[in-house]
Amino acid sequence: MWSKALPHRVMTHSKFEPMALFDQMTVGVCLTDNERITYLNPAAEKLLALPLNQVRGTSLCHLLCSGRSERARGAHSRHAVSGPRNLCSKNSSATFDVHYSRRLKHEIAGDERARDLHVRCHKIHPRPEESDTRTQLTLIEDVTTKTHLEKKQEDWRNMIAHDLRAPLCNIYSALRLMHENSESGAANGPPDAELVRIGVDNCRRMITLLDLYLDASKMAAGCVNTVLEALNVSNLVTSCVTDQAPLARERRITLNVDVPSGLTVMSDADLLPRVFQNLINNALKFTPEDGRVEISAADAGEGGVQIVVKDTGPGIAPGGIRHLFDRYRQAKGRNSGGIRGTGLGLTFCRKAAKALHADIRVESKVGEGSSFILRLPTPAARRRRLDTVGQG
């Protein structure tokens, strides 16, 4: 709303110095006269990767359109025109998106890439007697990160639909067979145990997926409360391995457990098992058939217990490890297991580990598998920490 009213206010208040304001804005600002650039604020220079002294007097439309690809997402104006080039040549206000292909380092992504720019052009009417002016104020915003996130979210929604559809189809098939057997009189006794198992296992898969989504959303909103208590690691791991056994059988993956019975940690009885479940499930997903997943635990010293979930999957390149715990991200090459993931499981694990005063990291080499390492405090370490805080 402010952007539409800005040109009129700027030009009608004689004591107002708009350039001083424009220079401080984080949105790119460009002034043109007869379609030629007369001013760029520092933000616009940065977005276009060109200083004002190089582009003064040139056409902004030519600058944007000559560097755009066919990915430009259309235009919206009060006039029936199409494309940024025509919009720029009209003496009107308009809004459009453009894919600016001049390559420059992106601050968030950390690599060189083209920019997605949102451009808003506003005709300036300084005074009623000068209504024929062809001066325009153009606002330029970098929406690269927003566009990138929207694409990741769309991919994630598609994966959710895909992952829910598969178990639903399995449940439907099992129920349909049971129904057909009942109709034909072939079912003289109790329902087929294998068909029931298929239904139960696939219901569990859907519940796990939906729980993951809800858990990740709660973590992102900071709505998770933890109650820390002494927990037996062996009991927790055994229970989680039992829950993940159906997927391991389906994938023909061996699950090995090496956890001493006497290890205890100070953690949350609801949250910690979900971390274990996600780490084991993640290992099973990205381990090829006939592979192996090992879960081990040991006293790590200095008041900590270390739990390791190791797989024989494809491994992760160093560049992929950096973004592995980011939301909606999945390391390239981790698809050898044949099951796509939402990219939420590891994000949840990292946020949950922080809430549990734990640390999580990954060690991996391409072709040699990955090890996810979770370090949790012992009850004694927790007590020492509370005593130290109390004394302080």
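Would you confirm whether or not the range 311-333 contains a residue that is acidic (Asp, Glu) and either at pLDDT below 80 or part of a loop (DSSP other than H, G, I, E, B) (or both)? Taking every residue of the range 311-333 in turn, at least one turns out to be acidic (Asp, Glu) and either at pLDDT below 80 or part of a loop (DSSP other than H, G, I, E, B) (or both).
Per-residue answers, yes or no, for (1) over 31 Å from the mean Cα position of the chain (by Cα); (2) in contact (Cβ under 8 Å) with a residue 24 or more places away in the chain:
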position: Pro190; (1), (2): yes, no
position: Ile198; (1), (2): yes, yes
position: Arg204; (1), (2): no, yes
position: Asn235; (1), (2): yes, no
position: Ser261; (1), (2): yes, yes
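In contact with a helix residue (DSSP H, G or I) (Cβ under 6 Å, 6 or more places away or on another chain) and either assigned to a strand (DSSP E or B) or crowded, with 20+ Cβ neighbours inside 10 Å (or both): does that describe Ala297? Yes, satisfied.
Of the set (1) modelled with pLDDT of 95 or more; (2) farther than 12 Å from Phe372 by Cβ, all apply to Ile295 but (2).
Can you tell me which residue is surrounded by the fewest Cβ atoms within 10 Å (Cβ to Cβ) among those in the range 233-244 that are touching a Leu at 6+ places or on another chain (Cβ under 8 Å) and modelled with pLDDT of 90 or more? Among those residues, the one meeting the criterion is Ser234. Specify the residue that is nearest to Arg384 (Cα to Cα); the eligible residues are those in the range 259-297 that are β-branched (Val, Ile, Thr) and in contact with a Leu (Cβ under 6 Å, 6 or more places away or on another chain). By that ranking, first place goes to Val265. Every test in (1) at negative phi; (2) at pLDDT 90 or above; (3) surrounded by fewer than 17 Cβ atoms within 10 Å (Cβ to Cβ) is passed by Asp290 save one, and that test is (1). The requirement of being of a type in the set (A, V, I, L, M), within 18 Å of Leu209 (Cβ to Cβ) and modelled with pLDDT under 90 is satisfied by Leu247. Taking first residues from the range 166-181 that are hydroxyl-bearing (Ser, Thr, Tyr) and partners that are assigned to a helix (DSSP H, G or I), the Cβ contacts under 9 Å between residues at least 6 apart in sequence or on separate chains come to Ser173/Leu195; Ser173/Ile198.
The values are calculated or read from the model by the stated rules, or taken from the named source; none is laboratory data. As the structure is a computational prediction, the values presented were derived from the model and not from experiment. Cβ coordinates were reconstructed from backbone atoms using ideal geometry, including for glycine residues, and neighbour counts include every protein chain displayed.
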